Each structure stands twice: as structure tokens, then as C-alpha cells.
1. Could you list, in sequence order, the residues of the stretch 752-803 that are touching a Phe, Trp or Tyr at 6+ places or on another chain (Cβ under 8 Å), at pLDDT below 95 and within 25 Å of GLU77 (Cβ to Cβ)?
2. Is one or more of the residues making up the stretch 555-570 open to solvent by 10 Å² or more (accessible area, probe 1.4 Å), without any contact (Cβ under 8 Å) to a residue 40 or more places away in the chain and assigned to a loop (DSSP other than H, G, I, E, B)?
3. Just for strands (runs of 3 or more DSSP E) wholly inside the stretch 101-188: which have at least 1 residues that are closer than 29 Å to ALA239 by Cβ?
4. Does PRO611 satisfy being touching a Leu at 6+ places or on another chain (Cβ under 9 Å), closer than 12 Å to LEU567 by Cα and open to solvent by less than 10 Å² (accessible area, probe 1.4 Å)?
5. Tell me the residue from ARG525, ARG512 that is in a strand (DSSP E or B), open to solvent by 40 Å² or more (accessible area, probe 1.4 Å), in contact with a strand residue (DSSP E or B) (Cβ under 6 Å, 6 or more places away or on another chain) and touching a residue at least 12 places away in the same chain (Cβ under 8 Å), please.
6. Among (1) open to solvent by 50 Å² or more (accessible area, probe 1.4 Å); (2) closer than 25 Å to SER597 by Cα; (3) part of a loop (DSSP other than H, G, I, E, B), where does PRO435 come up short?
7. Before we move on, is THR406 under 21 Å from TRP388 (Cβ atoms), open to solvent by 50 Å² or more (accessible area, probe 1.4 Å), in contact (Cβ under 8 Å) with a residue 24 or more places away in the chain and within 28 Å of the chain's Cα centre (by Cα)?
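The values are calculated or read from the model by the stated rules, or taken from the named source; none is laboratory data. Remember, it's a predicted structure, so these values are computed and weren't measured experimentally. Cβ placement follows ideal geometry from the backbone for every residue including glycine, while neighbour counts extend to all protein chains displayed. Just so you know, the surface numbers come from the protein's heavy atoms only, side chains and all, with ligands and any DNA or RNA stripped out. Shrake-Rupley method; radii C 1.70, N 1.55, O 1.52, S 1.80 Å.
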Amino acid sequence: MKTITATFTTSILTISLLLGFLSIGQSQINLDYQVPPASILDLVDAPLPPFIRINEDASKAVLIGRSQYKSIAELSEEELRLAGLRISPVTNIGSRTRYGKDLTVLDVDTGNERQVTGIPSQARLANFTWSPDYSLMAFTNTTSEGVELWIADIESATATSITDDNLNANIGSPFYWMSNSKSLIVKVLPDNKPDLISSDNLVPSGPTISVNDGKKAQNRTYQDLLKNTNDEHNFEILATSVLQKVTTKGKTTDFMKADMYRGLSISPDGKYLLVTTIKRPFSYLVPYRRFPSNTSVYDVGGNLVKSILDVPLIEDLPQGFMSVRTGPRNFSWRADKPSTLVWTVAQDGGDANLESEYRDAVYQHAAPFKDDKEFLIKTKGRYYGMDWGNDDFAIANDYWWNDRNTKSYIFSPSNPDQTPKTIIDRNYQDRYNDPGSIATTKNEYGENVIDLQGDILYMIGDGYSDEGKFPFVDTYNVKSGKTNRIFQVDDLNKVEDLRSPINLKEGTILTRIESQSEYPNFAIRNIKTGELKPVTRFENPFLTMQDIHKEVINYKRDDGLDLSATLYLPVDYDMSSREKLPMIMWAYPVEYKDKSSAGQVTSSANEFTFPFWGSPLYWVTRGYAVLDDTAFPIVGEGDDQPNDSFRKQLVANAAAAIDAVDKLGYVDRDRIAVGGHSYGAFMTANLLSHSNLFAAGIARSGAYNRTLTPFGFQSEERNYWEGPEVYYNMSPFMHADKMKTPLLLIHGEADNNSGTYPMQSERYFNALKGLGATVRLVMLPKESHGYAAKESILHMLWEQDEWLEKYVKNKSNLDEMKE
């Protein structure tokens with residue numbers, strides 16, 4: 001009787017599953033948005049703690065209430081996609097902007113919280129920025145018609161609107177604080193703003209024609225580009241602003257005329273402005289940041305002081321990630337001077353393929369910008385910013401992607417003939433030997449400069465090692481070159497992240513602490529006494545997951561490379577019985593130039609378990625083992641490129657992970673799924689095509705045909721014609737005939753990521769379908785590369801759950817039917 005009942009129950013389950021997915025074999029399905037099972041839905045609906053903005057001395061914080069998701073109705077609002085931007089033409093702000101809904105002022109000493117009054121009940125808040133003196137916070141509120149500027153007074157916990165809803169937030173920040181903390185420069189829409197041209201039922205006046213004069217112009221496959229003269233017209237209108245000055249009391253005065261303002265930076269002393277504007281001609285090949293531009297210096301009265309640079313349209317950079325345009329670039333203000341400009345110029349013609357002893361040279365020019373520019377330093381790699389100290393001390397940084405090298409040089413800005421001293425020369429992917437970041441402090445201008453105490457500076461590091469993560473503070477003697485460790489976190493039960501110094505003379509530093517079941521909270525740590533003073537006290541919103549089993553497992557690939565992953569088991573899992581669970585493995589490949597760095601472990605079992613929208617962790621509540629952050633290094637040492645053996649290494653990584661978990665006795669290796677997003681989706685499709693390791697796969701927002709990204713992708717610099725075999729071998733589309741494993745494809749219909757056109761999933765699905773593979777394609781309306789609408793996310797989770805239940809957890813039922 002028991003046998004008959006069991007067989008009948010199994011049959012009913014099989015029929016139910018088949019009925020639920022009977023429509024998979026059909027070409028098209030009309031389906032309303034679905035929701036996942038309750039155990040997943042409860043986690044998705046869990047209210048998250050607010051975002052936090054902490055002031056300089058960590059005495060006050062602003063807590064920003066947030067809505068975790070948008071609605072599909074919000075994503076369906078009118079949107080223009082122009083020159084790499086996504087704009088709401090009604091409100092003139094990024095159409096994908098994520099908003100806060102309210103503000104609370106937190107007094108750190110007392111723990112007292114005060115709701116900021118005056119904010120509208122249906123507020124959509126963004127662009128939160130402290131005033132230079134930290135007494136105020138500016139932010140925008142998006143109304144039904146536009147964007148207005150608000151000021152919150154921290155002492156009184158009150159907020160006031162100081163402009164109409166006419167700000168232009170389409171490109172960059174819509175406002176900039178003046179150094180006196182009493183006024184701001186705002187970008188507003190011109191009063192005579194022309195009408196936009198609608199593309200609906202538009203009769204074209206002629207074809208769109210692109211030409212090339214024989215120059216090489218190898219560009220990535222950008223999306224949301226301009227397509228015709230109507231797009232050009234609309235882009236110019238939406239990019240054009242008038243600059244005004246507005247006091248914190250709301251008094252407005254005109255400042256600078258209408259132009260396409262791309263960026264604005266105020267000098268440390270507040271006397272000059274560095275302004276970059278966009279010019280014509282526009283391009284249909286590259287986004288707006290590579291359009292022609294002019295950079296000039298103005299005084300605070302809006303008067304032109306000096307035209308600094310005109311940059312032409314950039315469509316033809318030399319090949320390679322490290323190639324740059326010729327001429328001055330990367331302008332910024334020197335932090336330790338009142339008003340001195342700094343920039344860099346390529347020494348190799350901007351061509352990374354040419355040999356050159358030095359790649360960049362750095363120059364400066366002090367106000368009033370009438371004398372000649374001054375040379376500062378040359379760097380071996382591409383210049384990557386400066387840590388400023390004083391006239392006699394600064395640290396320049398560079399990096400070179402091809403060999404993953406970074407260097408830092410101590411030099412004297414006032415004596416550029418003096419030979420710089422290289423103090424760091426390392427592989428930046430080597431986390432175990434990372435010396436940390438240089439600690440800074442605020443100077444008289446409110447700018448961050450090196451916290452130099454005589455000959456001593458401080459380094460704050462993550463402290464990754466074979467034994468775990470132990471953040472540290474070191475002192476470094478700039479004359480002797482000796483390092484001394486003055487503090488190290490040794491807590492083996494929690495994960496701590498030393499964020500930023502408050503007052504290192506007194507020993508205080510802002511830190512962030514979490515554990516597997518304790519939500520990340522901020523605290524002030526005294527590194528001299530070890531004392532911890534809480535700043536926030538956020539509770540764990542995911543209590544149903546706090547007792548799951550979590551461990552970081554370490555294992556080796558067949559070539560001896562060290563690998564790791566984080567394994568999760570259900571709350572009620574009996575460790576003694578070793579029940580064989582179905583499992584989902586989630587991963588994202590990363591390229592390395594050496595095996596040592598590739599084998600390093602940077603995850604911890606003590607990290608907070610956080611199931612975000614795209615996480616596989618939800619399925620721990622559904623009786624699955626989950627292997628997350630599974631290491632998938634792709635290594636190419638010396639002259640070998642990682643992608644030359646991409647498929648082989650991919651399969652070796654997966655096999656090693658499965659063997660490791662199987663050896664522990666937790667999983668049924670016949671019921672394992674693999675999944676990933678973006679490049680992880682690309683990984684998933686390749687694994688299913690070239691191995692028999694998995695029962696099913698989930699691939700979200702991936703690219704599957706690399707001939708559609710012919711001028712490079714991810715970390716591949718070679719173009720298709722230089723390495724056709726690489727592009728062919730790595731493209732799952734080219735091997736669709738080998739697909740024998742059920743694959744769920746999900747993609748946002750409005751994906752804006754370079755290379756992952758929605759067409760990638762559509763064409764791949766058609767190929768798999770035509771060749772008889774088991775495949776389902778879900779196109780999420782209005783969604784970009786990352787999904788935002790709650791309806792979309794819930795449906796995505798439902799699709800994934802249904803797929804895993806049928807093809808993984810209950811795989812034996814399908815096997816029985818085939819027999």
C-alpha cells in the first residue's frame with residue numbers, strides 16, 4: 001500500500017510540474033506577472049534599513065529612508081535614450097534614478113533620532129550632498145513636473161525648498177556647493193527651452209549616413225547612442241542649462257549663460273571654477289563623454305579667466321584598454337593649494353601598444369594662470385591620481401592594466417628635478433599584499449590631504465590573508481621606508497571594515513562591523529584603546545535566514561590552483577545525516593595574470609547574509625544548498641592571454657567546485673544547477689555547452705555571440721580579426737548544437753550595458769530552439785541590465801524557482817518519464 005501511494009503521489013507531482021511548464025514547448029506565452037513562494041516573497045518584502053551619510057567627525061548622520069524597488073509603472077514613464085543617457089524628458093532627471101523618501105538626523109553621542117520636517121509626503125529625493133561645513137545637506141526632490149533643490153538644516157532637523165522645479169539633472173550633478181556653505185551654483189532649464197521632437201509618426205527628411213575617412217575607429221558596442229538629427233536636436237535641448245547662484249535662503253541670481261554643461265569644479269579657495277561644456281559635432285558611435293568639449297576657468301563672477309582646452313570628437317582611440325587621447329586630460333584642482341590646476345599628458349602618443357619608458361607626465365598651473373605651466377612628475381604607467389601633502393611632499397599613483405601593476409611615487413612638487421622614490425610597485429589584484437590606502441585629513445580649504453605627522457603617514461588596509469580578513473592601521477616613515485603596525489582587528493567572529501579616519505592623533509576611525517546574522521553597522525573605533533562606540537544600530541531584516549549554515553570552503557583545481565566558494569545549507573539541515581541536497585552554483589569569471597592572486601580568498605563566513613534581488617540565496621529557504629561567490633578565475637600568465645584557454649579553465653573551475661562539495665557529502669551531484677548574471681550568464685551558457693556537469697542553468701542578461709562585440713569584450717583587448725578563434729570558441733551561440741541541458745534565459749528588454757543587447761538572448765534562444773534544446777526565454781519589459789521594478793524581480797524569482805523545481809530538485813521525475 002505504501003508503494004502504491006508513493007507512486008501515485010509521485011505521478012501527481014510529475015503531472016503538476018508538466019502542466020505548470022507545458023507551455024515551454026510553445027513559441028509564445030502570454031503570462032501576467034507572477035510571484036515566488038512565500039519563503040522567498042517574505043525576504044523580498046523585508047524592509048531595509050536606511051542609507052546613511054555621516055559627517056566629518058562622525059558626530060551627526062543623516063539617515064535616508066528608501067524604497068527598495070521601483071514599480072513597473074515608474075519604469076513605463078516616458079524615457080529618452082540619447083548619447084549614453086537615459087532621461088525623463090518630463091522631469092529632466094535620469095529616468096532610472098533611485099530615490100529616497102524621507103530623512104532623519106541621528107545624533108551619534110546620544111543616539112537620538114529626529115525626523116526631518118518639511119519634506120513632502122510623496123517625496124522623491126536624490127543627490128544628497130553635505131555642505132562644506134557639514135551644517136547643511138542639499139538634495140533634490142523630483143516632482144511630477146521637474147526637479148527642485150532642497151536644503152536640510154542638521155541642527156534644527158528641518159528642510160526647505162529653495163528653487164522651483166526647473167533644475168536640469170540630465171547630465172551630472174544639478175548643483176554645486178560654494179566654499180562658504182551659504183550658496184550653491186545650480187543648473188536650471190532655460191526659460192526659452194525649445195520643444196522636443198517626437199519620433200512618433202515622424203516622416204524622415206532623408207537617410208542617416210555615417211562615413212569614415214580611412215582612420216581606425218575601434219569602439220565597444222555602446223548602447224543608447226544618437227541615431228539621427230532628431231536625436232541630436234533633443235540631446236542638445238536636454239543637455240543645455242543656465243547656471244545660477246542660489247543662497248541657502250532661496251535668493252537666486254543669474255550667473256552664466258546657457259550652454260551644454262558637462263562638468264563643474266570649484267577651486268579649494270572658492271575663487272575659480274573649472275567648467276567643461278559639450279560642443280558639436282555629435283557622434284552616432286560614442287556616448288556624450290567623447291563628444292567635442294571645451295574646458296575653461298572662470299572667476300566666481302562668471303567672467304572667463306582662461307580657455308584651457310578644446311577637445312575634438314574622439315572616435316578613433318588606439319586599440320587597448322590603456323590607450324588614451326593625446327593632449328592634456330584629467331584636469332583637477334590641487335587639494336593643498338588655493339587654486340592650482342593639475343593635469344596629465346600622454347608620453348606615448350596615447351598608444352598603449354607603443355614602447356615608452358614613461359606613459360604620462362603631470363603638470364600644474366597656478367592662478368591667475370598667466371605664467372607657464374610647471375612640470376611635476378612622469379609615471380611609468382597611466383597616471384591614476386595624486387595624494388597631495390604640501391609643497392615638499394606628494395604621492396603620485398599609476399597603473400597598467402595589461403600586467404595588473406600599480407606604482408606609487410613620493411616626490412617634491414616644488415623640486416621636480418629630484419628623483420621620485422617608488423614606494424609601491426605591486427600587482428593590484430594581489431589582495432594579500434595590499435599595503436592599504438593613505439589616510440587623509442581636512443586642510444584649511446576643506447580638502448582631503450595626506451595626514452602627515454612629521455615623517456610619518458598612516459596606511460589603512462583590509463588585511464586579507466590565508467587566515468582571514470584582519471584590517472589594520474600602519475605607520476610609514478617616508479624617510480626610512482619602514483612600516484610599523486599600530487593596530488589590527490583580530491576578531492575571528494565578525495567582519496570589520498576600517499572606513500575612514502576621524503582623528504588619528506586621538507586614534508579614532510570610522511568602522512563598519514557585521515557578522516553572519518548581524519546587519520552591517522557603523523561604529524567609531526579608538527585604535528589606541530580598542531574602544532568601540534556605536535553609530536548605528538540597524539536590526540537584521542532577514543531573520544528567517546540568520547540560522548542557516550554558512551561556510552567558506554577551500555579546494556584546488558586540477559592544475560593545483562587554489563579556489564574557494566561560500567556554501568549555504570538550509571536552517572534545518574541535519575549535518576549528521578548528510579542528506580544529498582539539490583544545489584545551485586552562482587559565479588562570475590574574473591581574469592588574472594598570475595595564479596597567486598587568482599587563488600586568494602577574500603570572502604568570509606562571517607559576512608552578513610544579504611539576499612539582494614539578484615541573489616541565489618533565496619533558494620536556501622527552498623531546500624537547496626547554495627554555492628555562492630564560487631571562484632572562477634581565468635588565468636593567463638606571461639605572454640599567454642586568459643581567454644586563450646577560457647573554456648578549459650571554466651570547466652575545470654566548475655568541476656573542482658562540484659567535487660569539493662560532493663566530497664563533503666552535502667549534495668546530489670546529479671541535481672546541480674549553475675547560474676549567473678551578465679558575464680556570469682555567458683559563463684553559464686558555455687558550461688552547459690561544453691560539459692555534462694549540470695542538470696540545468698539560469699543565464700540572465702548575457703552576451704552569447706562575441707562576433708556582435710567585435711572590438712573587444714570584458715577583459716579581451718584583441719578584436720575579432722586578430723583572434724577569430726578566440727571569439728568563435730568563446731561564443732555559446734557558435735556551439736548551440738552542443739546544448740543538451742535545460743537553460744532559462746532572462747533579459748531586460750531595455751538593457752543598456754555595452755555588449756549585452758537584448759538581441760543576444762533573442763538570437764541565442766532562436767538558435768537553441770531551432771536545434772531542439774530545452775530553453776525558455778523571459779524578456780522583462782522596461783528593464784535595464786540590472787532589474788529595478790518589483791513586479792519584474794518577483795516574476796524573475798518565480799521563473800527561477802519553477803525552473804529549479806522542475807529540472808533540478810525533481811529531476812528524477814523527468815528521468816523516469818524519459819525512460
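1. SER754
2. Checked against the condition, which is being open to solvent by 10 Å² or more (accessible area, probe 1.4 Å), without any contact (Cβ under 8 Å) to a residue 40 or more places away in the chain and assigned to a loop (DSSP other than H, G, I, E, B), the stretch 555-570 yields at least one hit.
3. 125-130, 136-142, 147-153, 158-161, 175-177, 183-188
4. No; evaluated as a whole, the condition is false for this residue.
5. Just one listed residue meets the conditions, ARG512.
6. Just one mismatch for PRO435, condition (1).
7. no
Residue-wise test of (1) at pLDDT 95 or above; (2) open to solvent by 30 Å² or more (accessible area, probe 1.4 Å); (3) touching an Asp or Glu at 6+ places or on another chain (Cβ under 9 Å).
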site	(1), (2), (3)
LEU354	yes, yes, yes
ASP371	no, yes, no
ASN390	yes, yes, yes
ASP398	yes, no, yes
PHE411	yes, no, no
ASP417	no, yes, no
ASP430	yes, no, yes
THR440	yes, yes, yes
VAL449	yes, no, yes
